[in-house]
Amino acid sequence: MTKSIVFWKRCIMVGIVLLITIPTAGVILLAMENSRLRHEIETKPPMGDDAVTIGTNSYDAASIVRKHPLLSYQLLYPELSANFVGFNDDLVDPKTVFLTFDDGPSTSTPLILDALKEHDVKATFFVNGKTGLFAASWLKRIAKEGHGIGLHSYTHQYSLIYASVENFIEDLNKNYLYVKNIADVNPTLLRFPGGSINTYNLRLYQSLCAEVLRRGFIYCDWNVSAGDTLKGETVDSIVENVLNGVKLCWGPAFVLMHDNGNVDIVQALPKIIEKLRAEGYSFAALNNTVRPPMFVYPEPEG
Ligand SMILES: [Zn+2]
């Protein structure tokens with residue numbers, strides 16, 4: 001009997017001790033964990049607007065940049081850049097037509113400039129690196145008469161410029177210096193040869209587009225094509241293509257034409273300008289406050 005009382009007394013004592021020590025130990029452990037977490041939060045950089053959430057994890061954008069240094073082509077020609085401050089959609093009337101001429105300067109340049117001057121129209125020339133006898137004087141005249149000048153690659157050789165992003169940037173830098181040194185303007189616009197997405201740059205176009213935008217350049221595709229490089233084109237087909245294309249645009253029209261020695265475009269120009277003016281359209285040169293058409297990335301296959 002006595003033994004049994006002693007046994008139960010001990011059991012109660014042990015129970016009381018456990019009831020006190022277990023919660024106490026738990027509180028001490030929680031306090032330690034709390035202190036450790038506090039220290040971790042205090043020593044982490046603040047996660048403000050730069051916080052990036054990927055899946056369920058949050059990262060500080062600056063630390064991502066530190067962990068992923070610049071790509072080799074991003075280090076090339078740091079001076080190859082433009083100052084982009086934003087688009088101003090309020091300044092562009094929806095019935096504006098932006099005439100653009102690729103591939104010059106050429107023997108057509110002075111004729112195109114004469115036609116534009118006669119009709120008091122400003123346009124934009126996306127130029128290559130031409131070294132012919134009169135190329136520099138034509139390029140200077142484009143700038144002097146108030147037209148826009150954009151880059152269109154120095155060589156226009158698809159196999160070369162679209163072989164790698166490095167090649168493209170190297171060629172673009174030559175094109176940039178060519179325009180800057182001869183026309184005395186800092187180009188801010190470019191048009192990719194073949195457009196921003198074409199069969200030659202399918203492997204690279206995302207990196208190419210991202211890299212030129214990262215450097216502050218705005219690339220401009222088109223929403224109307226004059227078809228002046230198509231086989232069998234005529235003055236009439238050029239006029240018809242442009243007029244029909246412009247009328248289909250919901251907003252401003254960006255017309256692709258070429259300054260490549262073909263005189264049909266020169267003869268078509270007055271007709272295009274006069275007919276569109278009669279229908280209430282106006283013309284302007286491009287600059288980097290105008291939001292241009294950019295081809296939409298294709299849906300991934302599969
Ligand atoms: Zn071209």
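Among the aspartates and glutamates, which fall within straight-line cross-link reach of Lys122, defined as a Cα-Cα distance under 17 Å, with same-chain neighbours fewer than 8 residues apart omitted?
List returned: Asp93, Asp102, Asp114, Glu145, Asp259, Glu274.
For the chain, what is the charge dipole size about the Cα centre, in debye to the nearest 20, if Lys and Arg each add +1 at the Cβ and Asp and Glu each add -1 at the Cβ?
Using only the charged Cβ atoms, the result is roughly 1600 debye.
So what is the 222 nm mean residue ellipticity for the chain from helices alone, if each DSSP H run of at least 4 adds -39500 (n - 2.57) and you divide by all residues, rounding to the nearest 500 deg cm²/dmol?
Roughly -14000 deg cm²/dmol at 222 nm, from the helical runs in the chain.
Of Leu276, Ala163, Val27, which is farthest towards the positive pole of the chain's charge dipole, taken about the Cα centre with +1 and -1 on the beta-carbons of Lys, Arg and Asp, Glu respectively?
Val27
Which residue, chosen from Leu172, Trp222, Pro252, occupies the Cα position most advanced towards the positive end of the dipole of segment 88-283, where the dipole is computed from +1 (Lys, Arg) and -1 (Asp, Glu) charges on Cβ about the Cα centre?
Leu172
Report the rotationally averaged projected area of the chain based on its alpha-carbon convex hull, in square nanometres.
The directionally averaged projection comes out at 27.0 nm².
Between exposed GluC sites (Glu not before Pro) in the chain, where DSSP calls loop and at most 14 other Cβ atoms lie within 10 Å, what's the longest gap?
146-278
Suppose every K and R has +1 on its Cβ and every D and E has -1 on its Cβ; what is the size of the dipole of segment 189-293 about the Cα centre, in Debye to the nearest 20? Could the numbers behind the result be given before it?
On the way: 10 positive and 10 negative charges, 91 e Å.
Rounded to the nearest 20 debye, it is 440 debye.
State to the nearest 20 debye the size of the charge dipole of segment 251-302 about its Cα centre, where the only charges are +1 on K and R beta carbons and -1 on D and E beta carbons.
About 280 debye.
Given labels modelled 7 Å from the Cα in the Cβ direction, how far is it in nm from Asn186 to Ala61?
Calculated label separation equals 2.4 nm.
If you take the charge dipole of the chain about its Cα centre, with +1 on Lys and Arg Cβ and -1 on Asp and Glu Cβ, which of Asn83, Gly232, Ile149 is farthest toward its positive end?
Asn83
Pull up the cross-link candidates among the aspartates and glutamates for Lys231, meaning alpha carbon to alpha carbon under 13 Å and not fewer than 8 places away within one chain.
Straight-line reach from Lys231, under 13 Å: Asp264.
If the cut-off is 28 Å between C-alpha atoms, which lysines fall inside it for Lys67, apart from same-chain ones fewer than 8 positions away?
By straight Cα distance, Lys67 reaches Lys44.
Every read-out reported here was derived from the displayed coordinates using simple, explicitly stated rules and does not represent laboratory data. As the structure is a computational prediction, the values presented were derived from the model and not from experiment. No Cβ is skipped: glycine too gets one built from the backbone with ideal geometry, and neighbour counts run over all protein chains shown.
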